[in-house]
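All remarks here apply to the structure that follows.
The values are calculated or read from the model by the stated rules, or taken from the named source; none is laboratory data. Since the structure is predicted, the reported quantities are computational estimates derived from the model, not experimental observations. Counting neighbours? That spans all protein chains shown, and the Cβs are built from the backbone with ideal geometry, glycine included. What goes into the accessible areas is simple: the full protein's heavy atoms, side chains included, and nothing from ligands, DNA or RNA. Shrake-Rupley method; radii C 1.70, N 1.55, O 1.52, S 1.80 Å.
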Amino acid sequence: MPRESKKSKRERSFQIFDLLQQQYPDAHCALNHEGPFQLGVATILSAQTTDERVNMVTPELFAGYPTPNDLARANQVDIEILIHSTGFFRTKARNIIGFARGIAEIHDGDVPRTIEELTALPGVGRKTANVILGNAFGINAGVVVDTHVKRLSNLLALTRETNPEKVEKDLIQLFPRDNWTLLSHLLIFHGREVCYARRPQCQLCMISGLCPSSLI
């Protein structure tokens, strides 16, 4: 692709966003949850597995441990059994119990609303914090960069970075703050439905004309 000016890239990014929003008007967080605490737990569990798998285990988990206080006092082995199918279950059990304990003991049972406070909790990195802030509180603190967002951002030449935090930095410079949370959902939906990692369906892609990696 010829060298693109910052202005041209920004204009192209706006076009991409608009077209994706038209294609996926119902784009949303795919993790089933009720409130910021459940969303945080579900997001921690979603590492290295699918949202569908997480949604299969969280109903029983939340039924037995509905509040931060409940999960904070849980036996780790019991939690491991409930979440076993999500993979890395020992680490995840330890993290969600620690997450719940931090909320219960440090924040009086309320999920904090800043990146700094959230990332100080066990199991919470910047991605998880952005998921909670954007989807539970409507706070656009950053862009959630998962595997789909990272992959599509590179294919679309919105960034050349592969480190998630550097990808996020490039994206927040291109898109208005009000669009940051929705941007992630749009790219994730498109990655799941059209732009597959192994066989991208460029012939079906509404943004192929704006994509330097298009096969058509």
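General remarks:
- Pairs where the first residue, in segment 129-157, is touching a residue at least 40 places away in the same chain (Cβ under 8 Å) and within 13 Å of His190 (Cα to Cα) and the second is among the hydroxyl-bearing types (Ser, Thr, Tyr) and not in a loop (DSSP other than H, G, I, E, B), C-beta under 6 Å, 6+ apart: Val149/Ser184
- Single residue of segment 136-195 satisfying the filter (closer than 20 Å to Glu116 by Cα and aromatic (Phe, Trp, Tyr)) that is surrounded by the fewest Cβ atoms within 10 Å (Cβ to Cβ): Phe137
- Of all residues in segment 151-174, one or more are within 18 Å of Thr50 (Cβ to Cβ) and at pLDDT 95 or above.
- Candidate set: segment 123-166, residues that are in a helix (DSSP H, G or I) and of a type in the set (A, V, I, L, M, F, W, C); chosen: the one farthest from Phe37 (Cα to Cα): Leu155
- Residue among Asp78, Asp18 that alone is at pLDDT 95 or above and farther than 20 Å from Phe189 by Cβ: Asp78
- Test: residue in segment 198-214 that is more than 16 Å from Ser13 (Cα to Cα), within 14 Å of the chain's Cα centre (by Cα) and surrounded by fewer than 19 Cβ atoms within 10 Å (Cβ to Cβ): no
- Those residues of segment 25-59 which are crowded, with 18+ Cβ neighbours inside 10 Å and over 30 Å from Gly109 (Cβ atoms), in sequence order: Ala27
- From Ala93, Ala100, residue being open to solvent by less than 10 Å² (accessible area, probe 1.4 Å) and closer than 30 Å to Asp178 by Cα: Ala100
- Among the residues of segment 126-147, some residue qualifies, meaning at least one is of a type in the set (Phe, Trp, Tyr) and within 30 Å of Pro66 (Cα to Cα).
- Qualifying helices (runs of 4 or more DSSP H) (wholly inside segment 40-122; at least 1 residues being within 22 Å of Cys29 (Cα to Cα), in contact (Cβ under 8 Å) with a residue 24 or more places away in the chain and polar (S, T, N, Q)): 51-64, 89-106
- For segment 190-209, residues that are assigned to a loop (DSSP other than H, G, I, E, B) and either acidic (Asp, Glu) or without any contact (Cβ under 8 Å) to a residue 24 or more places away in the chain (or both) total 6.
- Qualifying positions in segment 152-187 - β-branched (Val, Ile, Thr) and within 14 Å of Val131 (Cα to Cα): Thr181
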